[in-house]
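A short reminder: the numbers here are calculations on the coordinates, not readings from a lab. None of the values given here were measured: they were computed from a predicted structure. In this analysis, Cβ positions are derived from the backbone assuming ideal geometry, glycine residues included, and neighbour counts consider all displayed protein chains.
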Amino acid sequence: MRRPARPQALRILIPGFALTFLMLALCIWPPSLAVSLEGRIYDSFLRSAPRHPVTGSVAVVDLDEASLARLGQWPWPRYRVARLLEKIREAGVTAVGLDVVFAEPDRTALRPLSGEMRRDLGVGIGLEGLPPEALDTDRALAEVLAGGPFVLGYPFDFDAATGASCVLHPLRASVRSDAGGEDYPNLFDAPGVICNLPILARAAGSSGFFNVTPDPDGILRRVPLVIRHKGLLYPSLSLAVYLSVHGGNVVLETGSDGAESLRIDGKVIPLDRRGNLLVNYRGRRLTFPHVSAAALLDGTADPAALRGKMVILGTTAAGLKEIRTTPLDAAQPGAEIHATVIDDILSGDPIAQPRWAHGLQVLLVLVPGFLLTGLLARERAIWGLVAIIPSIAGIWLGSWWLLAYRQIYLPPLIPAVTLATVFTLLTSLRFLQADREMRERTRKLALTQDAIIQSLAALAETRHHETGGHIQRTRHYVRALAMRLREHPRFRDYLDDSAVDLLFRLAPLHDIGKVGVRDSILLKQDQLTPEEYEEMKRHTLYGSETIRLAKNFMGEDSFLQVADEIALTHHEKWDGTGYPHGLRENGIPIPGRFMAVADAYDAIISPRVYKSALPHEEAVHILRVKRGSHFDPDVVDAFLEAREEFRGIAARFVGTGVEPEPPAGA
């Protein structure tokens with residue numbers, strides 16, 4: 001197999017390596033479009049991967065639509081919330097995370113309500129004999145919280161430094177850092193917080209934030225487990241619930257670019273640099289057991305559904321706006337997302353993107369990109385196609401397998417795009433190179449053809465010395481006719497650029513057959529006898545035979561076919577009285593019809609040994625008279641339109657001077 005020359009290989013290697021390095025830069029600093037597409041790929045992988053079963057240790061107590069319809073809109077009076085929490089605790093749960101915040105005093109409590117009525121209406125409410133929990137519902141709720149096992153939720157405020165006097169519960173964690181300076185520079189840093197009432201926060205003794213961070217496309221793929229606030233670390237609600245049950249020594253491990261993992265007594269929870277957990281969703285909504293809050297309050301719920309479980313108290317009611325879009329569901333309740341995170345921690349199977357996976361992604365860009373570039377520099381493009389199809393499929397399937405069975409996400413987009421882009425660019429470059437080479441070969445072939453044609457025409461000239469100028473004039477006449485008739489309905493399908501160029505280059509061969517005519521006839525200065533004229537007419541057959549001998553060696557070719565038609569038929573007449581075969585009208589090939597007009601005009605205006613030259617006007621008159629008898633009427637009409645151009649050509653090629661041939665298509 002022929003190998004490309006070194007300069008040709010370099011023209012493939014250099015852009016191939018440059019493109020690979022460009023894709024490497026996109027891999028290290030991905031643009032927003034790539035991040036968005038990788039998110040979509042991640043979603044499709046997660047949807048198609050086998051579902052991991054839930055541990056059975058997490059449940060949801062649901063402030064559902066039925067509960068709101070039966071007991072009124074949210075927020076409920078705090079005494080009702082206290083009763084609900086008591087019911088949950090009595091069911092034997094291990095911990096309860098409250099996906100709600102109690103930021104203001106309960107305005108439904110009777111004591112503050114009585115004060116407001118006295119202030120506004122001048123009428124008080126008799127409070128004697130009423131139960132204490134009705135008079136101060138916040139205190140009643142605090143007493144229930146103090147009995148445990150409850151974890152309050154709250155949101156951090158990233159817009160303002162609010163909540164200066166909040167009672168929060170920091171994460172008791174040590175930090176192990178590989179970087180100098182600040183231990184966790186890239187964690188979310190919240191300046192403010194919307195906190196629970198201090199009486200409630202102190203009573204609960206544990207709390208966690210419930211902020212989530214959807215990706216730019218609005219899909220919630222990851223949630224923060226740790227956020228920094230005023231220099232301290234705070235846990236998410238899910239993490240706080242888990243720790244309230246299992247405890248353990250917590251270590252936050254960070255690298256040079258941010259957080260990497262959270263270790264709890266040897267259990268490793270992978271994080272990204274911002275402290276986010278990539279959630280391994282278990283399924284669509286209602287994947288975890290749900291118990292209606294109203295059913296718990298009225299005693300119709302089965303306590304066994306909650307016994308021994310960690311519980312998230314939240315809502316699936318659409319009106320409370322706690323619905324999120326996830327990779328598996330367009331409308332998944334926030335409470336289920338918290339439950340999923342707890343289940344991921346319990347199972348130890350959240351999705352990870354370890355540092356080595358990023359290194360592997362870099363290698364999957366560089367190594368295949370370089371190898372494909374080297375292959376395409378040496379082999380045909382088909383071998384590159386054979387290489388990239390299984391490579392892209394392997395990268396894609398390998399990435400899916402890692403996610404499905406090893407909970408590791410290795411984004412396949414940029415490695416796959418690198419192979420496809422390198423292949424497309426380099427094969428396009430190879431095609432352009434081949435096209436340039438083909439055009440150069442075609443140009444050289446055209447030059448070779450012209451050289452052969454000029455040599456053959458020169459051979460005729462050695463026999464008939466006055467034909468030199470005739471050869472140059474007639475080829476320009478023929479082109480002038482062809483250019484006039486390019487848009488004519490009878491000729492436009494034939495007269496494309498290549499056909500016009502062929503006619504121009506081959507016209508000099510019309511009299512090549514004269515080399516076969518005896519000197520006594522060809523150079524005779526007197527009028528030819530009928531027998532001699534018949535011999536002269538045979539020059540059309542001699543020329544055709546010469547060209548056909550070449551066709552036998554080279555095979556059928558439009559180049560030789562046109563040359564044959566010119567040599568053989570340029571003395572045929574429109575009315576069928578011409579020679580050598582008496583063809584008529586459209587039976588005469590187009591090249592022969594064009595050559596007939598050009599040859600006749602030049603013969604009329606040129607001196608011969610047997611006649612004097614006639615003026616241009618006389619030639620125009622003769623051709624007009626013979627329109628439709630000797631010559632194709634449309635070709636004569638084209639001549640009449642171009643007659644001044646013919647006059648200029650005749651003046652330019654006087655005698656035997658040869659003007660350099662213009663470029664093809666000029």
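Footprinting exposure proxy ranking of Thr529, Thr373, fewest other C-beta atoms within 10 angstrom first, gives Thr529, Thr373. The amide H of Val61, built 1.01 Å from its N in the peptide plane, has Val291, Ile312, Leu313, Gly314 as neighbours under 5 Å, considering only residues 5 or more places off or on other chains. Estimated from helical segments only, the mean residue ellipticity of the chain at 222 nm is -16500 deg cm²/dmol, where each DSSP H run of four or more residues counts as -39500 (n - 2.57).
When you restrict to C-alpha pairs under 8 Å that are six or more residues apart and normalise by the size of the range 464-652, the relative contact order lands at 22 percent.
Each peptide among 234-247, 281-294 gets the average number of other Cβ atoms lying within 10 Å of its residues, and from highest to lowest they stand as 234-247, 281-294.
Neighbour counting of Cβ atoms within 10 Å sorts the residues Met438, Met483, fewest neighbours leading, into Met438, Met483.
Could the peptides 93-103, 44-54, 534-544 be put in order, highest first, of the mean number of other beta-carbon atoms found within 10 Å of their residues?
The densest-packed peptide leads the list: 93-103, 534-544, 44-54.
Helix 413-463 against the longest principal axis of the chain: what's the angle in degrees, Cα atoms only, rounded to the nearest 10? For helix 413-463, the angle is close to 0 degrees. Peptides 217-223, 310-316 ranked from most to least packed by the mean count of surrounding Cβ atoms within 10 Å: 310-316, 217-223. Per-residue 3J(HN,Hα) values for the range 283-293, derived from phi via the Karplus relation 6.51 cos²θ - 1.76 cosθ + 1.60 with θ = phi - 60°, read x, 7, 4, 6, 5, 8, x, 10, 10, 5, 4 Hz in sequence order (x marks Gly and Pro). Summing Lys and Arg as +1 and Asp and Glu as -1 over all other residues whose Cβ lies under 15 Å from the Cβ of Ile414 gives a net charge of 0. For the chain, taking a cut-off of 4.7 Å between Cβ atoms, the unpaired cysteines are Cys27.
Sequence-ordered 3J(HN,Hα) estimates for the range 587-601 from the Karplus curve with 6.51, -1.76 and 1.60 and θ = phi - 60° stand at x, 7, x, 4, x, x, 5, 5, 5, 4, 5, 4, 5, 5, 4 Hz, glycine and proline given as x.
Based on Cα contacts under 8 Å between residues 6+ apart, the chain shows a relative contact order of 14 percent.
Within 10 Å of each residue's Cβ, count the other Cβ atoms and sort Tyr154, Tyr579 from fewest upward.
Tyr579, Tyr154
Taking only Cα atoms, what is the 0 to 90° angle, nearest 10, from helix 539-554's long axis to the longest principal axis of the chain? That helix lies at roughly 40 degrees to the long axis. Using only Cα atoms, find the angle between the long axis of helix 616-625 and the longest principal axis of the chain, and express it within 0 to 90 degrees, rounded to the nearest 10. Taking Cα atoms only, the helix is inclined about 80 degrees. I'd like to know which of Leu63, Asn249, Thr20 lies farthest towards the positive end of the charge dipole of the chain, counting +1 on Cβ of Lys and Arg and -1 on Cβ of Asp and Glu. Toward the positive end, the furthest listed residue is Asn249.
Filter Lys537/Lys573; Lys87/Lys309; Lys87/Lys321; Lys514/Lys611; Lys514/Lys573; Lys267/Lys309 down to the pairs with a C-alpha to C-alpha distance above 23 Å, please.
Listed pairs above 23 Å: Lys87/Lys321.
Given the choices (1) 45, 31, 23; (2) 100, 28, 20; (3) 45, 43, 21, semi-axes √(5λ) of the Cα gyration tensor in Å derived from the coordinates of this structure is entry (2).
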